[in-house]
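A short worksheet on the structure shown next.
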């Protein structure tokens, strides 16, 4: 990984010169500055969804903490470095979401193989093909026989939409695959800023800057919430 945040010899500019990678739920308080972003890049969609739910229900997340806002305003250069480190490891919001989805899909691979070996996969495939045929046939028939009957077309379209929802729900239940989490972009960005805040503190620590303990606790609170949610998901998935 060659970038402006590495020295000539390839070691990180900030923090210790260790290449060790710790698990998602364990990040050393005085570790490398990019370690928070690296850990976040190993989160799956289920981890992220749990972290969002935890954040949405946390009283401290209702509004921006003035201590954190002051820290970000006082150290613009370090904040820019923190943003760059997070972007380096997570990419854009879309790239981060795709990485997290790939991690989730990999976790579900064993479940999918078990379903296929039991013959459920073929059954679900036939059910989906049958649903597609059932949704295509009525509109095609109406267009072929009553093209000028707009009301009939509208009613057929509405019926097909309802059938798609009902049939899709039935197939999802039958396949017994966990439903894809619904990740809102704005909420995902809040998690990203929590990671930036923790990274900012790490950058300042590794530059031997003095930061008030209460400010440090406020800046790291978001990351600790993410870590707790991820650990809870891991315990459920193990």
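The values are calculated or read from the model by the stated rules, or taken from the named source; none is laboratory data. Nothing here was measured: the structure is a model prediction, and the numbers come from that model. Glycine also receives a Cβ, built like all others from the backbone with ideal geometry; neighbour counts cover every protein chain displayed.
The table for this structure:
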| quantity | calculated |
| --- | --- |
| Odd one out for residue 135, checked against (1) surrounded by 14 or more Cβ atoms within 10 Å (Cβ to Cβ); (2) under 30 Å from residue 197 (Cβ atoms); (3) in contact with a helix residue (DSSP H, G or I) (Cβ under 9 Å, 6 or more places away or on another chain) | (2) |
| Selection status of residue 54, at pLDDT 90 or above, assigned by TED's automatic domain parsing to the domain that holds residue 230 and part of a loop (DSSP other than H, G, I, E, B) | no |
| Condition check for residue 173: within 21 Å of residue 46 (Cα to Cα) and within 24 Å of the chain's Cα centre (by Cα) | yes |
| Residue check for residue 73: free of Cβ contacts under 8 Å to residues at least 24 places away in the same chain, assigned by TED's automatic domain parsing to the domain that holds residue 232, under 22 Å from residue 203 (Cα atoms) and surrounded by 14 or more Cβ atoms within 10 Å (Cβ to Cβ) | no |
| Test for residue 122: is it modelled with pLDDT under 80, loosely packed, with under 12 Cβ neighbours inside 10 Å and assigned by TED's automatic domain parsing to the domain that holds residue 171 | yes |
| Residue in the range 161-195 that is surrounded by the fewest Cβ atoms within 10 Å (Cβ to Cβ), counting only those that are in contact with a helix residue (DSSP H, G or I) (Cβ under 7 Å, 6 or more places away or on another chain), modelled with pLDDT under 90 and part of a helix (DSSP H, G or I) | 174 |
| Single residue of 219, 186, 208 found to be in contact (Cβ under 8 Å) with a residue 60 or more places away in the chain and over 30 Å from residue 135 (Cα atoms) | 219 |
| Any chance residue 64 is under 25 Å from residue 38 (Cα atoms), outside any helix (DSSP H, G or I) and over 21 Å from the mean Cα position of the chain (by Cα) | yes |
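Let's see how each residue does on (1) in a helix (DSSP H, G or I); (2) in contact (Cβ under 8 Å) with a residue 12 or more places away in the chain; (3) over 30 Å from residue 114 (Cβ atoms); (4) assigned by TED's automatic domain parsing to the domain that holds residue 56:
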position	(1), (2), (3), (4)
153	yes, yes, yes, no
202	yes, yes, yes, yes
224	yes, no, yes, yes
230	yes, yes, no, yes
